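Peer 1: Next up is a structure, given as structure tokens.
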Amino acid sequence: MGTIHLFRKPQRSYFGKLLQEFRLVAADRRSWKILLFGVINLVCTGFLLMWCSSTNSVALTAYTYLTIFDLFSLITCLISYWVMMRKPSPVYSFGFERLEVLAVFASTVLAQLGALFILKESAERFLEQPEIHTGRLLVGTFVALSLNLFTMLSIRNKPFSYVSEAASTSWLQEHVADLSRSLCGIIPGLSSIFLPRMNPFVLIDLAGAFALCITYMLIEINNYFAVDTASAIAIALMTFGTMYPMSVYSGKVLLQTTPPHVIGQLDKLIREVSTLDGVLEVRNEHFWTLGFGSLAGSVHVRIRRDANEQMVLAHVTNRLYTLVSTLTVQIFKDDWIRPALVSGPVTANVLNFSDHHVIPMPLLKNTDDLNPVTSTPAKPSSPPPEFSFNTPGKNVSPVILLNTQTRPYGVGLNHGHTPYSMFNQGLGVPGIGATHGFRTGFTNIPSRYGSNNRIGQPRP
């Protein structure tokens, strides 16, 4: 007998669990650099927000939101390290790779929401443009630019690096790529930097800093305060255009869709699997993106009855494992199951209504005008219809389906041996009415599988 605990062990709160997982990540020396950059980012973001308030510049506020996005990217990098430390559990059998996908999706969506907030503030400022103080505008610009570039280039952020390469290009990248091709045609040495496409985060940091520099110059020279609002709108649109393709890509991963660039490769592998020795059919295949760069899938494979299941499983897994890292293969052997049918002459004890289903057929309209071969109205001038030898007629003996279920007596039928001739003469079941005969659509089915004998009229 085990120990009886009088008091239940207290469960740890969510904050306690979060603190425990944070200590697990902080124990890794690779995360110390990320934590250090996170602290620096918090301090600089606090100063930038104060300078935004003192300068009254909405363009600097829009650029400061990029430093907040850098903080979210650092948190995503910590989550990526935590995912690599954790192993799949019975509750999360596929692991925790989708958590970093969710972190990327949340970061990009929050950045787009910040851009929409800047657009709303800019629309209000067009009605009444306030005065902009340029005392710390240029200083804040270079501080934010240095922080953004230093964070993006010093920390290897695996989730955002993968998304920036796998997602579609933004409109800002496409325009810069067109300019870069023209520039690289003059100076070929710059092709390694600007081609095939620039890092979207570095590009938006440089473009935002350039817009703020132009704002500072125009305000200092002409006191043109409206350029600050225009720069804020430009930075917000660039932010939205850069983050939108990444949020779409990560959202499709969360929706468990199949990546378009691997559909052709998967179809080719499925065709190869269907040609393996012993494989009869490949069906119910489903593949989806589990995380960044990892696919999961399930497939059903029908094989011959004499095939080796383990051998086929090994070959199928070997073919699909080149693309699908997490694969579930369900193999089942071919099995033919056919119902037992009885036709032709039967014994007396088989014709028992409590053990069989007899289907009554309604009366035909003009039984005298029917062709005895085809049960169709006979026309004096028309030839007999095609395939009449395979059409059930009224002179064909019926087929009675076996039924193993027992039925209670006393339903108006005589329980016992009933001669078959009385049912072929039009006598019906009490309560159902008169019938012309008991015929079904299984009149030409042989009594045994593989036999060639037929019931009814012979084939011409």
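Peer 1: Looking at the stretch 8-52 only, could you name the residues that are hydroxyl-bearing (Ser, Thr, Tyr) and modelled with pLDDT under 90?
Peer 2: 13, 14, 31
Peer 1: Turning to a different aspect of this structure: Across the stretch 209-229, what is the total count of residues that are open to solvent by 100 Å² or more (accessible area, probe 1.4 Å) and among the hydroxyl-bearing types (Ser, Thr, Tyr)?
Peer 2: Residues meeting the conditions: 1.
Peer 1: Pairs needed: first member in the stretch 153-177, free of Cβ contacts under 8 Å to residues at least 24 places away in the same chain; second member anywhere, open to solvent by 40 Å² or more (accessible area, probe 1.4 Å); C-beta distance under 8 Å; at least 6 residues apart or different chains.
Peer 2: 177/169; 177/194; 177/195; 177/196; 177/197
Peer 1: Among the residues that make up the stretch 272-281, is at least one of them closer than 30 Å to residue 108 by Cα, open to solvent by 10 Å² or more (accessible area, probe 1.4 Å) and not hydrophobic (A, V, I, L, M, F, W, C)?
Peer 2: No, the conditions are met nowhere in the stretch 272-281.
Peer 1: Filter the stretch 295-316 down to the residues that are out of contact with any strand residue (DSSP E or B) (no Cβ under 7 Å at 6 or more places or on another chain), assigned to a helix (DSSP H, G or I) and either among the polar types (S, T, N, Q) or farther than 30 Å from residue 261 by Cβ (or both) and list them by number.
Peer 2: Across the stretch 295-316, the qualifying residues are 310, 311.
Peer 1: For a quick check of your reading of the model, give me the residue pairs whose first member lies in the stretch 36-62 and is over 14 Å from residue 143 (Cα atoms) and open to solvent by less than 50 Å² (accessible area, probe 1.4 Å), whose second is outside any helix (DSSP H, G or I) and aliphatic (A, V, I, L, M), with beta-carbon atoms closer than 6 Å and at least 6 apart or on different chains.
Peer 2: 57/132
Peer 1: I've got another one for you. Whether any residue in the stretch 93-100 is among the hydroxyl-bearing types (Ser, Thr, Tyr), farther than 25 Å from residue 217 by Cα and at pLDDT 90 or above is what I want to check.
Peer 2: No, there is no match, as no residue in the stretch 93-100 is among the hydroxyl-bearing types (Ser, Thr, Tyr), farther than 25 Å from residue 217 by Cα and at pLDDT 90 or above.
Peer 1: Does residue 257 satisfy the condition of being open to solvent by less than 10 Å² (accessible area, probe 1.4 Å) and of a type in the set (Val, Ile, Thr)?
Peer 2: Considered against the rule, which asks whether it is open to solvent by less than 10 Å² (accessible area, probe 1.4 Å) and of a type in the set (Val, Ile, Thr), residue 257 comes out as no.
Peer 1: Within the stretch 155-187, track down each residue that is open to solvent by less than 40 Å² (accessible area, probe 1.4 Å), of a type outside the set (A, V, I, L, M, F, W, C) and not in a loop (DSSP other than H, G, I, E, B).
Peer 2: 159, 164, 173, 180
Peer 1: Now a separate question. Residue under question is residue 107, and the condition is that it be within 43 Å of the chain's Cα centre (by Cα), closer than 15 Å to residue 65 by Cα, loosely packed, with under 15 Cβ neighbours inside 10 Å and of a type in the set (Ser, Thr, Tyr); does it hold?
Peer 2: Here the answer is no, as residue 107 does not meet what is asked.
Peer 1: For a quick check of your reading of the model, give me the residue pairs whose first member lies in the stretch 224-247 and is without any contact (Cβ under 8 Å) to a residue 24 or more places away in the chain, whose second is open to solvent by less than 10 Å² (accessible area, probe 1.4 Å), with beta-carbon atoms closer than 7 Å and at least 6 apart or on different chains.
Peer 2: 227/215; 227/219
The values are calculated or read from the model by the stated rules, or taken from the named source; none is laboratory data. Note that the coordinates shown come from a computational prediction; the quantities given were computed from them, not determined experimentally. Glycine also receives a Cβ, built like all others from the backbone with ideal geometry; neighbour counts cover every protein chain displayed. Heads up: the accessible areas ignore ligands, DNA and RNA and are worked out on the full protein's heavy atoms, side chains in. Shrake-Rupley method; radii C 1.70, N 1.55, O 1.52, S 1.80 Å.
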